[in-house]
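Peer 1: Can you read through this structure? Questions will come right after.
The values are calculated or read from the model by the stated rules, or taken from the named source; none is laboratory data. The shown structure was predicted, so the numbers you read here are calculated from the model rather than taken from an experiment. Ideal geometry is used to build each Cβ from the backbone, glycine not excepted, and the neighbour counts take in all protein chains shown.
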Amino acid sequence: MTPAEFTFATATEIRFGRGAGVQSIPDILALGSRILVVTGANAGRAAWLVEALVGDDREIGCFPVAREPDVTLVEAGVSAARAADAELIVSIGGGAAIDTGKAISALTPARRPTMDHLEVVGKGLPLERTPLAFVAIPTTAGTGAEVTRNAVIGVPGARRKVSLRDRSMLPRLAIVDPALTDSCPRAVTLASGLDAVTQVIEPYVCARSNPFTDALCRSAIPAGLVALRRLMRGENAQARETMAWVSLCGGLALSNAGLGVIHGLAGPLGGLTGAPHGAICGALLPHGLAANAARVGDQPVAARFWDVRRWIAEALGGGTEEAFDRLADWSGQNGLPDLGALGISADDRLKAAEAAAASSSMKANPVELTVAELVELMEAAS
(Lines give C-alpha, C1' and ligand atoms only; values in the text may rest on other atoms or scores of the structure.)
Protein backbone atom coordinates (compact mmCIF):
# COMPACT_ATOMS: atom_id res chain seq x y z
CA MET A 1 0.00 0.00 0.00
CA THR A 2 1.34 3.43 -0.93
CA PRO A 3 1.36 5.74 2.13
CA ALA A 4 -0.26 9.14 2.12
CA GLU A 5 2.01 12.14 1.69
CA PHE A 6 4.14 13.07 4.69
CA THR A 7 7.33 14.86 5.66
CA PHE A 8 9.93 13.94 8.25
CA ALA A 9 12.34 16.49 9.72
CA THR A 10 14.66 16.28 12.69
CA ALA A 11 17.94 17.53 14.16
CA THR A 12 20.80 17.82 11.68
CA GLU A 13 22.69 15.10 13.58
CA ILE A 14 21.69 12.74 16.40
CA ARG A 15 24.24 10.91 18.50
CA PHE A 16 23.03 8.16 20.82
CA GLY A 17 24.89 5.94 23.26
CA ARG A 18 26.72 5.76 26.55
CA GLY A 19 29.68 8.11 26.43
CA ALA A 20 28.25 10.13 23.54
CA GLY A 21 28.44 13.31 25.63
CA VAL A 22 32.19 13.26 26.19
CA GLN A 23 32.90 11.87 22.74
CA SER A 24 31.01 14.75 21.09
CA ILE A 25 32.97 17.62 22.68
CA PRO A 26 35.09 18.25 19.52
CA ASP A 27 31.94 18.43 17.40
CA ILE A 28 30.35 20.92 19.80
CA LEU A 29 33.45 23.11 19.69
CA ALA A 30 33.40 23.06 15.91
CA LEU A 31 30.09 24.96 16.01
CA GLY A 32 31.38 28.05 17.83
CA SER A 33 33.85 29.50 20.32
CA ARG A 34 31.53 31.93 22.16
CA ILE A 35 29.22 29.53 23.97
CA LEU A 36 26.32 29.98 26.39
CA VAL A 37 25.64 26.78 28.33
CA VAL A 38 22.06 26.52 29.56
CA THR A 39 21.83 24.17 32.55
CA GLY A 40 19.22 22.86 34.93
CA ALA A 41 18.78 24.25 38.44
CA ASN A 42 21.83 22.28 39.65
CA ALA A 43 24.53 23.70 37.41
CA GLY A 44 27.03 21.38 39.10
CA ARG A 45 25.66 18.46 37.09
CA ALA A 46 26.92 20.22 33.97
CA ALA A 47 30.37 21.04 35.39
CA TRP A 48 32.02 18.25 33.37
CA LEU A 49 30.72 19.78 30.15
CA VAL A 50 31.72 23.36 30.99
CA GLU A 51 35.21 22.19 31.99
CA ALA A 52 35.56 20.30 28.72
CA LEU A 53 34.55 23.36 26.70
CA VAL A 54 36.90 25.83 28.42
CA GLY A 55 39.93 26.90 26.40
CA ASP A 56 42.17 29.93 25.82
CA ASP A 57 40.43 30.77 22.56
CA ARG A 58 36.89 30.28 23.86
CA GLU A 59 34.41 32.28 25.93
CA ILE A 60 32.03 30.19 28.03
CA GLY A 61 29.05 31.50 29.97
CA CYS A 62 26.38 29.68 31.98
CA PHE A 63 22.66 30.34 32.33
CA PRO A 64 20.92 28.14 34.96
CA VAL A 65 17.23 27.29 34.59
CA ALA A 66 15.50 26.63 37.91
CA ARG A 67 11.94 26.26 36.59
CA GLU A 68 9.94 25.52 33.49
CA PRO A 69 10.54 28.37 31.04
CA ASP A 70 8.34 31.42 30.88
CA VAL A 71 8.65 34.63 28.88
CA THR A 72 10.62 36.43 31.60
CA LEU A 73 13.16 33.62 31.94
CA VAL A 74 13.63 33.25 28.19
CA GLU A 75 14.10 37.00 27.70
CA ALA A 76 16.70 37.02 30.49
CA GLY A 77 18.52 34.26 28.63
CA VAL A 78 18.34 36.19 25.38
CA SER A 79 19.84 39.22 27.13
CA ALA A 80 22.66 37.04 28.49
CA ALA A 81 23.36 35.58 25.04
CA ARG A 82 23.42 39.00 23.40
CA ALA A 83 25.67 40.45 26.10
CA ALA A 84 28.12 37.59 25.55
CA ASP A 85 27.82 37.87 21.76
CA ALA A 86 27.17 34.12 21.84
CA GLU A 87 27.31 32.16 18.59
CA LEU A 88 26.39 28.77 20.07
CA ILE A 89 23.82 27.72 22.69
CA VAL A 90 24.32 24.36 24.41
CA SER A 91 21.51 23.06 26.65
CA ILE A 92 22.19 20.28 29.14
CA GLY A 93 19.40 19.19 31.47
CA GLY A 94 15.76 18.20 31.42
CA GLY A 95 13.08 19.48 29.11
CA ALA A 96 12.97 22.89 30.81
CA ALA A 97 16.67 23.56 30.15
CA ILE A 98 16.44 22.30 26.57
CA ASP A 99 13.33 24.31 25.73
CA THR A 100 14.86 27.42 27.31
CA GLY A 101 18.06 27.04 25.32
CA LYS A 102 16.14 26.38 22.13
CA ALA A 103 14.12 29.55 22.64
CA ILE A 104 17.25 31.57 23.43
CA SER A 105 18.93 30.36 20.25
CA ALA A 106 15.84 31.31 18.23
CA LEU A 107 15.18 34.72 19.75
CA THR A 108 18.70 36.08 20.23
CA PRO A 109 19.02 37.10 16.54
CA ALA A 110 15.34 38.16 16.36
CA ARG A 111 14.32 41.79 16.23
CA ARG A 112 10.61 41.39 16.94
CA PRO A 113 9.25 41.08 20.50
CA THR A 114 8.95 37.57 21.91
CA MET A 115 5.14 37.66 21.88
CA ASP A 116 5.10 38.24 18.13
CA HIS A 117 6.39 34.68 17.65
CA LEU A 118 4.32 32.79 20.24
CA GLU A 119 1.32 30.69 19.23
CA VAL A 120 -2.21 31.14 20.63
CA VAL A 121 -1.58 34.18 22.85
CA GLY A 122 0.80 35.96 20.45
CA LYS A 123 0.92 36.60 16.72
CA GLY A 124 2.52 33.27 15.82
CA LEU A 125 4.81 34.92 13.27
CA PRO A 126 7.64 32.84 11.79
CA LEU A 127 11.22 33.66 12.67
CA GLU A 128 12.77 36.14 10.25
CA ARG A 129 16.37 35.39 11.16
CA THR A 130 18.25 32.11 11.45
CA PRO A 131 18.64 30.93 15.08
CA LEU A 132 22.05 30.57 16.67
CA ALA A 133 23.56 27.11 16.42
CA PHE A 134 21.97 24.93 19.10
CA VAL A 135 23.10 21.69 20.77
CA ALA A 136 20.76 19.70 23.04
CA ILE A 137 21.97 17.21 25.67
CA PRO A 138 19.11 15.70 27.72
CA THR A 139 19.73 14.42 31.25
CA THR A 140 16.23 13.00 31.72
CA ALA A 141 14.29 10.57 29.54
CA GLY A 142 11.01 12.33 28.95
CA THR A 143 10.34 15.23 26.61
CA GLY A 144 12.33 14.33 23.51
CA ALA A 145 12.87 18.09 23.14
CA GLU A 146 16.33 17.45 21.72
CA VAL A 147 14.76 16.66 18.33
CA THR A 148 11.68 18.91 18.21
CA ARG A 149 11.15 22.19 16.40
CA ASN A 150 9.36 24.03 19.20
CA ALA A 151 9.91 25.32 22.73
CA VAL A 152 7.07 25.39 25.26
CA ILE A 153 7.01 28.71 27.10
CA GLY A 154 4.76 29.88 29.93
CA VAL A 155 2.97 33.21 29.62
CA PRO A 156 1.98 34.01 33.21
CA GLY A 157 -0.17 36.99 32.25
CA ALA A 158 -2.34 34.74 30.10
CA ARG A 159 -2.00 31.71 32.43
CA ARG A 160 -1.04 29.60 29.41
CA LYS A 161 1.83 27.51 28.14
CA VAL A 162 2.27 27.92 24.41
CA SER A 163 4.83 27.09 21.75
CA LEU A 164 7.48 29.07 19.99
CA ARG A 165 7.67 27.01 16.83
CA ASP A 166 9.70 27.15 13.65
CA ARG A 167 11.36 24.48 11.54
CA SER A 168 14.66 26.38 11.80
CA MET A 169 14.66 25.66 15.55
CA LEU A 170 15.59 22.01 15.05
CA PRO A 171 18.94 21.47 16.85
CA ARG A 172 22.17 21.21 14.91
CA LEU A 173 23.28 18.38 17.19
CA ALA A 174 21.27 16.20 19.60
CA ILE A 175 23.42 14.15 21.99
CA VAL A 176 21.50 11.43 23.83
CA ASP A 177 23.81 9.81 26.39
CA PRO A 178 21.83 7.41 28.64
CA ALA A 179 24.62 7.60 31.24
CA LEU A 180 23.51 11.16 32.01
CA THR A 181 20.14 9.81 33.19
CA ASP A 182 21.61 7.22 35.57
CA SER A 183 20.39 7.58 39.17
CA CYS A 184 17.76 10.14 38.21
CA PRO A 185 15.40 10.43 41.23
CA ARG A 186 12.60 7.86 41.23
CA ALA A 187 9.75 10.40 41.13
CA VAL A 188 11.36 12.24 38.21
CA THR A 189 12.00 8.95 36.44
CA LEU A 190 8.33 8.00 36.75
CA ALA A 191 6.86 11.34 35.66
CA SER A 192 9.30 11.92 32.81
CA GLY A 193 9.07 8.28 31.77
CA LEU A 194 5.28 8.42 31.54
CA ASP A 195 5.64 11.59 29.47
CA ALA A 196 8.00 9.71 27.15
CA VAL A 197 5.56 6.80 26.86
CA THR A 198 2.70 9.23 26.19
CA GLN A 199 4.74 10.79 23.41
CA VAL A 200 5.05 7.51 21.55
CA ILE A 201 1.44 6.47 22.19
CA GLU A 202 -0.24 9.70 21.05
CA PRO A 203 1.57 9.89 17.68
CA TYR A 204 0.72 6.21 17.11
CA VAL A 205 -3.03 6.72 17.53
CA CYS A 206 -3.26 10.29 16.20
CA ALA A 207 -4.81 11.40 12.91
CA ARG A 208 -1.43 12.27 11.36
CA SER A 209 0.56 9.09 11.94
CA ASN A 210 2.80 8.01 9.06
CA PRO A 211 5.01 5.01 8.22
CA PHE A 212 8.13 6.58 9.76
CA THR A 213 6.49 7.47 13.07
CA ASP A 214 4.65 4.13 13.18
CA ALA A 215 7.98 2.29 12.84
CA LEU A 216 9.33 4.22 15.82
CA CYS A 217 6.26 3.96 18.03
CA ARG A 218 5.37 0.29 17.54
CA SER A 219 8.61 -0.82 19.14
CA ALA A 220 9.02 2.08 21.59
CA ILE A 221 5.63 1.78 23.32
CA PRO A 222 6.04 -1.77 24.71
CA ALA A 223 9.77 -1.25 25.33
CA GLY A 224 9.12 1.92 27.31
CA LEU A 225 6.43 0.35 29.48
CA VAL A 226 8.65 -2.61 30.35
CA ALA A 227 11.70 -0.43 31.06
CA LEU A 228 9.76 2.00 33.22
CA ARG A 229 8.36 -0.85 35.30
CA ARG A 230 11.90 -2.17 35.72
CA LEU A 231 13.17 1.22 36.91
CA MET A 232 10.43 1.43 39.53
CA ARG A 233 11.96 -1.70 41.04
CA GLY A 234 15.49 -0.26 41.16
CA GLU A 235 18.32 1.24 39.15
CA ASN A 236 19.07 -0.62 35.91
CA ALA A 237 21.47 0.56 33.19
CA GLN A 238 19.74 -1.29 30.35
CA ALA A 239 16.36 0.15 31.32
CA ARG A 240 17.89 3.65 31.41
CA GLU A 241 19.19 3.12 27.89
CA THR A 242 15.79 1.93 26.72
CA MET A 243 14.01 4.94 28.23
CA ALA A 244 16.50 7.34 26.62
CA TRP A 245 15.71 5.68 23.29
CA VAL A 246 11.95 5.83 23.90
CA SER A 247 12.19 9.51 24.78
CA LEU A 248 14.12 10.18 21.57
CA CYS A 249 11.51 8.24 19.58
CA GLY A 250 8.79 10.34 21.18
CA GLY A 251 10.44 13.57 20.14
CA LEU A 252 10.89 12.31 16.59
CA ALA A 253 7.31 11.05 16.39
CA LEU A 254 5.48 14.02 17.89
CA SER A 255 7.46 16.46 15.78
CA ASN A 256 6.47 14.66 12.59
CA ALA A 257 2.99 13.31 13.33
CA GLY A 258 1.38 15.08 16.26
CA LEU A 259 -0.01 14.40 19.70
CA GLY A 260 -3.57 14.43 21.04
CA VAL A 261 -5.87 15.07 23.95
CA ILE A 262 -3.36 14.34 26.72
CA HIS A 263 -0.95 17.03 25.61
CA GLY A 264 -3.84 19.18 24.45
CA LEU A 265 -4.98 19.37 28.08
CA ALA A 266 -1.54 19.25 29.71
CA GLY A 267 -0.49 22.57 28.19
CA PRO A 268 -3.42 24.60 29.55
CA LEU A 269 -3.32 22.79 32.91
CA GLY A 270 0.38 23.56 33.31
CA GLY A 271 -0.16 27.20 32.43
CA LEU A 272 -3.07 27.55 34.84
CA THR A 273 -1.45 25.84 37.82
CA GLY A 274 2.29 25.53 37.35
CA ALA A 275 2.06 21.78 37.99
CA PRO A 276 4.92 19.79 36.38
CA HIS A 277 4.25 18.73 32.80
CA GLY A 278 5.37 15.10 33.10
CA ALA A 279 3.20 14.41 36.14
CA ILE A 280 0.17 15.95 34.42
CA CYS A 281 0.70 13.79 31.35
CA GLY A 282 1.14 10.67 33.46
CA ALA A 283 -2.07 11.35 35.37
CA LEU A 284 -4.04 12.02 32.18
CA LEU A 285 -2.63 9.17 30.07
CA PRO A 286 -4.92 6.23 30.98
CA HIS A 287 -8.03 8.41 31.04
CA GLY A 288 -7.24 10.13 27.76
CA LEU A 289 -6.74 6.74 26.14
CA ALA A 290 -10.04 5.49 27.55
CA ALA A 291 -11.95 8.57 26.37
CA ASN A 292 -10.58 8.31 22.85
CA ALA A 293 -11.03 4.55 22.66
CA ALA A 294 -14.69 4.91 23.67
CA ARG A 295 -15.31 7.32 20.80
CA VAL A 296 -13.44 5.77 17.87
CA GLY A 297 -16.07 3.04 17.34
CA ASP A 298 -15.18 0.83 14.39
CA GLN A 299 -12.81 3.31 12.74
CA PRO A 300 -9.51 1.75 11.59
CA VAL A 301 -7.65 3.52 14.44
CA ALA A 302 -9.58 1.36 16.93
CA ALA A 303 -7.13 -1.46 16.20
CA ARG A 304 -4.30 0.74 17.39
CA PHE A 305 -5.97 1.33 20.73
CA TRP A 306 -6.19 -2.44 21.12
CA ASP A 307 -2.47 -2.63 20.36
CA VAL A 308 -1.84 -0.17 23.19
CA ARG A 309 -4.10 -2.11 25.56
CA ARG A 310 -2.20 -5.30 24.77
CA TRP A 311 1.21 -3.71 25.29
CA ILE A 312 0.13 -2.28 28.65
CA ALA A 313 -1.25 -5.64 29.78
CA GLU A 314 1.91 -7.47 28.69
CA ALA A 315 4.15 -4.99 30.55
CA LEU A 316 2.15 -4.37 33.73
CA GLY A 317 -0.02 -7.49 34.02
CA GLY A 318 -3.79 -7.85 34.05
CA GLY A 319 -6.28 -8.32 31.24
CA THR A 320 -6.33 -6.45 27.95
CA GLU A 321 -9.84 -5.08 28.54
CA GLU A 322 -8.79 -3.49 31.84
CA ALA A 323 -5.39 -2.25 30.64
CA PHE A 324 -6.08 1.48 30.96
CA ASP A 325 -7.36 1.02 34.53
CA ARG A 326 -4.30 -1.11 35.29
CA LEU A 327 -2.00 1.67 34.04
CA ALA A 328 -3.75 4.22 36.27
CA ASP A 329 -3.50 1.91 39.31
CA TRP A 330 0.15 1.06 38.66
CA SER A 331 1.12 4.72 38.27
CA GLY A 332 -0.59 5.65 41.54
CA GLN A 333 0.94 2.72 43.39
CA ASN A 334 4.37 3.93 42.31
CA GLY A 335 3.80 7.44 43.63
CA LEU A 336 2.40 9.42 40.72
CA PRO A 337 -0.01 12.08 42.07
CA ASP A 338 -3.43 12.53 40.52
CA LEU A 339 -4.59 15.90 39.23
CA GLY A 340 -6.15 16.82 42.58
CA ALA A 341 -2.90 16.14 44.42
CA LEU A 342 -1.14 18.35 41.85
CA GLY A 343 -3.33 21.25 42.97
CA ILE A 344 -5.60 21.25 39.93
CA SER A 345 -9.12 22.39 40.86
CA ALA A 346 -12.50 21.91 39.21
CA ASP A 347 -12.29 25.47 37.90
CA ASP A 348 -8.86 24.75 36.43
CA ARG A 349 -10.24 21.67 34.70
CA LEU A 350 -13.09 23.60 33.11
CA LYS A 351 -10.80 26.37 31.90
CA ALA A 352 -8.35 23.82 30.49
CA ALA A 353 -11.14 22.01 28.64
CA GLU A 354 -12.29 25.27 27.08
CA ALA A 355 -8.73 26.26 26.14
CA ALA A 356 -7.75 22.86 24.74
CA ALA A 357 -9.59 23.42 21.46
CA ALA A 358 -7.01 26.07 20.53
CA SER A 359 -3.99 23.86 21.23
CA SER A 360 -1.95 22.45 18.38
CA SER A 361 -1.93 19.01 20.03
CA MET A 362 -5.72 18.62 19.87
CA LYS A 363 -5.70 19.10 16.10
CA ALA A 364 -4.20 15.64 15.68
CA ASN A 365 -6.45 13.82 18.16
CA PRO A 366 -8.16 10.89 16.40
CA VAL A 367 -11.66 12.04 17.42
CA GLU A 368 -13.27 15.31 18.44
CA LEU A 369 -14.07 15.48 22.14
CA THR A 370 -16.54 17.95 23.62
CA VAL A 371 -15.78 20.24 26.54
CA ALA A 372 -18.01 18.05 28.71
CA GLU A 373 -16.09 14.93 27.71
CA LEU A 374 -12.78 16.65 28.44
CA VAL A 375 -13.98 17.70 31.88
CA GLU A 376 -15.18 14.16 32.58
CA LEU A 377 -11.78 12.80 31.49
CA MET A 378 -9.99 15.14 33.91
CA GLU A 379 -12.39 14.33 36.74
CA ALA A 380 -11.51 10.65 36.30
CA ALA A 381 -7.82 11.61 36.58
CA SER A 382 -8.38 13.58 39.81
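Peer 1: Of the conditions (1) more than 20 Å from the chain's Cα centre (by Cα); (2) buried (at least 20 other Cβ atoms within 10 Å of the Cβ); (3) outside any loop (DSSP other than H, G, I, E, B); (4) of a type outside the set (A, V, I, L, M), Asp99 satisfies every one except a single condition; which number is it?
Peer 2: Every condition holds for Asp99 apart from (1).
Peer 1: Quick one: count up the residues across region 357-372 that are part of a helix (DSSP H, G or I), within 17 Å of Cys206 (Cβ to Cβ) and either in contact with a Pro (Cβ under 6 Å, 6 or more places away or on another chain) or not small (Gly, Ala, Ser) (or both).
Peer 2: Final tally of qualifying residues: 2.
Peer 1: I need the full set of residues from region 302-329 which are in a loop (DSSP other than H, G, I, E, B) and more than 26 Å from Arg349 (Cβ to Cβ), in order please.
Peer 2: Gly317, Gly318, Gly319, Thr320, Glu321, listed by residue number.
Peer 1: If I ask for residues that are on the phi < 0 side of the Ramachandran plot and not in a strand (DSSP E or B), which ones from region 154-172 would you list?
Peer 2: Pro156, Gly157, Ala158, Asp166, Arg167, Ser168, Met169, Leu170, Pro171, Arg172
Peer 1: So, in region 1-43, how many residues would count as being within 20 Å of Asp56 (Cβ to Cβ) and surrounded by 18 or more Cβ atoms within 10 Å (Cβ to Cβ)?
Peer 2: So the answer is 5.
Peer 1: Quick check on this structure: which one of Pro276, Pro222, Pro268, Pro300 is under 30 Å from Arg159 (Cα atoms) and surrounded by fewer than 24 Cβ atoms within 10 Å (Cβ to Cβ)?
Peer 2: One residue alone meets the criteria, Pro276.
Peer 1: Okay, moving on. Tell me whether region 46-67 contains one or more residues that are within 19 Å of the chain's Cα centre (by Cα), in contact (Cβ under 8 Å) with a residue 60 or more places away in the chain and within 25 Å of Thr140 (Cβ to Cβ).
Peer 2: Taking every residue of region 46-67 in turn, none turns out to be within 19 Å of the chain's Cα centre (by Cα), in contact (Cβ under 8 Å) with a residue 60 or more places away in the chain and within 25 Å of Thr140 (Cβ to Cβ).
Peer 1: Residues that are over 22 Å from the mean Cα position of the chain (by Cα), assigned to a helix (DSSP H, G or I), touching a residue at least 40 places away in the same chain (Cβ under 8 Å) and in the same structural domain as Arg82 (by TED's automatic domain parsing): does region 24-33 have at least one?
Peer 2: Taking every residue of region 24-33 in turn, at least one turns out to be over 22 Å from the mean Cα position of the chain (by Cα), assigned to a helix (DSSP H, G or I), touching a residue at least 40 places away in the same chain (Cβ under 8 Å) and in the same structural domain as Arg82 (by TED's automatic domain parsing).
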